[in-house]
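Participant: Below: one structure in structure tokens.
The values are calculated or read from the model by the stated rules, or taken from the named source; none is laboratory data. Keep in mind that this is a model prediction, so the values were computed, not measured. Cβ placement follows ideal geometry from the backbone for every residue including glycine, while neighbour counts extend to all protein chains displayed. Note: accessible area is taken over every heavy atom of the protein model, side chains too, but ligands, DNA and RNA are not part of it. Shrake-Rupley method; radii C 1.70, N 1.55, O 1.52, S 1.80 Å.
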Amino acid sequence: MGGERLLLVDDEENLRSMLAAALSHSGFDVVTASNGRDAITMTKEVLPDLILLDVMMPDLDGFEVCRRLRAEYVKVPIIFLTARDETSDKVRGLTTGGDDYLVKPFSLEELVARVEAVLRRSGLTQSDAVLRCEDLELDDDAHRVMRAGREVSLSPTEFNLLRFLLANQGRVLSRAQILDHVWQYDFGGDTRIVETYIAYLRKKVEIGGPKLIQTVRGIGYTLRVG
């Protein structure tokens, strides 16, 4: 996975926090909502790649949230999360416009597998292990980085940082997001380590070519041309 953005909607705070932490640790960019109305608003604001949507919520249930989003031609994939295992509920969820249906309790491994499968079916994941931007290329399987045909030697942390930037190219990433996904807060939340490694990375990959790693003042960084 390459940092796809997930919107997790569940009114149970403890479960929501646990799932968000687990999905973030698996490499996803997770935002959360606690009710159906906020889910509709946040879908339009954060533009998630996939929505994990609890069915049983007090204001708008998950089926109604899905129906309203589809009525507005929002095509983002949706996986329903529910404690109900009735066949009629599964049929209703899938005919309402959902893409998959996961019954609680479920393992975190199954959740991640379902998310990855739906993203693949939706064409929202990388089709192979190679990430590219202009003449910069990262081959995840071979653990190799090339710039204009020249191999670039990176430390493991630099490689992980570049992979996260490439997988989210064009998207502005905050220092906290980068710290969370690359270091998992091993440095106690000190975002200065991000600035240090961005500088290291620039020195290695931005020689003899257009500048790709852009600073967005007051927010963070993005990888894009120009």
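Participant: Round to the nearest 0.05 the FRET efficiency obtained for Lys75 and Glu151 when R0 = 35 Å and r is the Cβ-Cβ distance.
Facilitator: Computed FRET efficiency for Lys75 and Glu151: 0.30.
Participant: Moving to a separate point now. Note down the nm distance, to one decimal, between modelled labels 7 Å out along Cα→Cβ at Arg192 and at Ala83.
Facilitator: 4.8
Participant: Once you list every other residue whose beta carbon is under 14 Å from the beta carbon of Gly3, what net charge do they have if Lys and Arg are +1 and Asp and Glu are -1?
Facilitator: My count for the surroundings of Gly3 gives -3.
Participant: With only alpha-carbon atoms counted, please give the Rg and Dmax of the chain, in Å.
Facilitator: Cα radius of gyration and Dmax of the chain are 19.1, 60 Å respectively.
Participant: With the cut-off at 1.5 for a/c, could you classify segment 1-72 from its C-alpha gyration tensor as rounded, prolate or oblate?
Facilitator: oblate
Participant: Once the Cα gyration tensor of segment 131-218 is found, what semi-axes does its equivalent ellipsoid get, as square roots of 5 times the eigenvalues, in whole Å, sorted largest first?
Facilitator: 21, 14, 12
Participant: What FRET efficiency would be calculated for the residue pair Arg217, Lys44, taking the C-beta separation as r and a Förster radius of 45 Å, to the nearest 0.05?
Facilitator: According to the calculation, E is roughly 0.95.
Participant: Continuing with this model, one more query. Mind checking the per residue accessible area of the chain for me, 1.4 Å probe, whole number of Å²?
Facilitator: For the chain, the per-residue accessible area is 50 Å².
Participant: Oh, and also: Any idea how far apart Glu13 and Arg144 come out in nm if each label point goes 7 Å out from Cα toward Cβ?
Facilitator: Placing both labels 7 Å along Cα→Cβ, they lie 5.2 nm apart.
Participant: Which one, Leu201, Gln177, Met56, is farthest towards the positive end of the dipole of the chain when Lys and Arg carry +1 and Asp and Glu -1 on their Cβ?
Facilitator: The residue sitting most towards the positive pole is Leu201.
Participant: Exactly which chymotrypsin sites (Phe, Trp or Tyr not before Pro) in segment 17-79 are in a DSSP loop and have at most 12 other Cβ atoms within 10 Å?
Facilitator: Loop-located and lightly packed - Tyr73.
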